[in-house]
1. Working carefully through the options 263, 241, 296, 273, find the one that is of a type in the set (Phe, Trp, Tyr), more than 30 Å from residue 157 (Cβ to Cβ) and either modelled with pLDDT of 80 or more or out of contact with any Asp or Glu (no Cβ under 8 Å at 6 or more places or on another chain) (or both).
2. When the residues of region 174-192 are narrowed to those that are modelled with pLDDT of 85 or more and among the charged types (D, E, K, R), which ends up farthest from residue 114 (Cα to Cα)?
3. Let me spell it out: the conditions are (1) at pLDDT below 90; (2) assigned to a helix (DSSP H, G or I), and residue 96 meets all of them except one. Which number is the exception?
4. Collect the residues in region 247-278 that are of a type in the set (Ser, Thr, Tyr) and either within 21 Å of residue 167 (Cβ to Cβ) or loosely packed, with under 15 Cβ neighbours inside 10 Å (or both), keeping them in residue-number order.
5. Filter region 137-155 down to residues that are small (Gly, Ala, Ser) and closer than 20 Å to residue 236 by Cα, then give me how many there are.
6. Taking residue 104 as the residue in question, decide whether it is of a type outside the set (S, T, N, Q), under 22 Å from residue 254 (Cβ atoms) and touching a helix residue (DSSP H, G or I) at 6+ places or on another chain (Cβ under 7 Å).
7. Only one of these conditions is not met by residue 203: (1) part of a helix (DSSP H, G or I); (2) over 19 Å from residue 178 (Cβ atoms). Which number is it?
8. Which one is modelled with the highest pLDDT, of the residues in region 103-136 that are among the aromatic types (Phe, Trp, Tyr) and more than 23 Å from residue 232 (Cβ to Cβ)?
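The values are calculated or read from the model by the stated rules, or taken from the named source; none is laboratory data. Everything numeric here is computed off the predicted structure, so don't read it as measured data. Here the Cβ positions follow ideal geometry from the backbone for every residue, glycine too, while neighbour counts run over all protein chains shown.
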Amino acid sequence: MTTSFKPLRTGRPKFDPNSIFWRNMQTFANNRLALFCAFVVLLFVFISIFAPWIAPHDPNETDLFRRLQPPAWKDGGTWAHVLGCDALGRDILSRIIYGSRVSIFIGAAVILVATTIGTLAGLAAGYLRGWVDTVISRVVDILLAFPYLIFAIGLMAMMGPGLGNIILALAYKEWVIPCRVVRGETLATREQEYVEAARALGASDRHIMLKEILPNILSPVVVVSTIRMAHVIILEASLSFLGLGVQPPTASWGAMVADGRAFILESWWVSTFPGVAILLLVLAINVASQGLRDAFDPRFQQ
């Protein structure tokens, strides 16, 4: 006579200040530089969400009388357009604020899709092994053989520019990174005693993978996904710079940098300020993610 496996309810409180997770969060909070950069990232997210209320002007409003108007602190500039205007007389500050929506949304969407697919594939490969592991590992090796940017350019050239297509093009290869991380963590975790105990009690493979292994390997997945988000934002800006990303008149940081190439010597502000926005966001994400890695990865803890 067989019985279905029912996990025991331990009655553990949802919030445990002494848990490993909260101790790691305290370690992260003690890293002031990483905490400041996390605040900068949240500030960009806040700006992107409330862009219609923060932007001083309509980002697509053109006025040729304001064509290449300099920033407010230069001769000919006005405080109504603090960072100046582009070649079509559009307010650069407003377009940077709205452009943050594109970069953050695409970065978050790509990471969410890629992490979900990569986590499930890595769990299956690391736990089931056999032909499943062989097939997934060979697909990962093939995708890693292609340079990411060239691969994305080829896909965008076939699918055409657009918001949905750029998310698909970047997520098409991005999933291999979390897949490799999850596969390695699963191989190390599947032999642990609590996994063996669940298997001995008759737990299904699905239950073991999703209930026993996955919760214990989420920390490195979150860290890797955070690091990769900065890379995805740079790729999106690169594709927009090449004209393969988000199309005009939608504001995009990469497209704004490209628009100012012809005026870089006499009207440097058209390209410089969007480039600075990319630099600040990517740098903040990288430093914050390094802080997360140092806090959650036991190999970096003393």
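1. 296
2. 185
3. Evaluating residue 96 over (1) at pLDDT below 90; (2) assigned to a helix (DSSP H, G or I) leaves (1) as the failure.
4. 250, 252 - these are the residues of region 247-278 that are of a type in the set (Ser, Thr, Tyr) and either within 21 Å of residue 167 (Cβ to Cβ) or loosely packed, with under 15 Cβ neighbours inside 10 Å (or both).
5. Number of matching residues: 2.
6. yes
7. Of the numbered conditions (1) part of a helix (DSSP H, G or I); (2) over 19 Å from residue 178 (Cβ atoms), the odd one out for residue 203 is (1).
8. If we take residues in region 103-136 being among the aromatic types (Phe, Trp, Tyr) and more than 23 Å from residue 232 (Cβ to Cβ), then 131 is modelled with the highest pLDDT.
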